[in-house]
Amino acid sequence: MEAFTVLVDELAGRGVAAGQMFGKPTLKNADGKALACLFGGSVAFRLVAGTAEHARALGLAGAELFDPSGKGRAMKDWVLVPGAHRAHFVEFATAALDRLA
């Protein structure tokens, strides 16, 4: 997804690099911790449950807690945001990066 490549480019100056998680393209901070993951046509962001960014992301149409297994074991800190909301991707990736710092 082109929007994911834009995230890599936008955050490269802050030590973010592309990697893999669950066999999917992932953004990782300088310490190797995942902050975003491309999953189908959506991107999952590690926004931390209870934060304003987490609530804002979940408020978007079609967004949901990230359940990579599809077996009802959602990751409470991660929100899967549909590609239709790509205008928010840099905002959420930056928030996720700031939370990992």
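Go through (1) part of a loop (DSSP other than H, G, I, E, B); (2) under 12 Å from the mean Cα position of the chain (by Cα) one by one and return the number of the condition Phe4 breaks. In the conditions (1) part of a loop (DSSP other than H, G, I, E, B); (2) under 12 Å from the mean Cα position of the chain (by Cα), Phe4 misses (1) alone.
A single entry from Arg56, Arg46, Arg73 fulfils the requirement of being farther than 25 Å from Glu2 by Cβ, free of Cβ contacts under 8 Å to residues at least 60 places away in the same chain and basic (Lys, Arg): Arg73. Among the residues making up the stretch 86-101, those that are in a helix (DSSP H, G or I) and either in contact with a Phe, Trp or Tyr (Cβ under 7 Å, 6 or more places away or on another chain) or of a type in the set (Gly, Ala, Ser) (or both) are Ala87, Phe92, Ala93, Ala95, Ala96. Screening the stretch 22-85 for strands (runs of 3 or more DSSP E) wholly inside it with 3 or more residues that are crowded, with 18+ Cβ neighbours inside 10 Å and at negative phi returns the ranges 24-28, 34-39, 42-46, 75-82.
Every read-out reported here was derived from the displayed coordinates using simple, explicitly stated rules and does not represent laboratory data. Quick caveat, the model's predicted, so the values are computed rather than measured. Quick reminder, even Gly has a Cβ in these numbers, built from the backbone with ideal geometry, and neighbours come from all protein chains shown.
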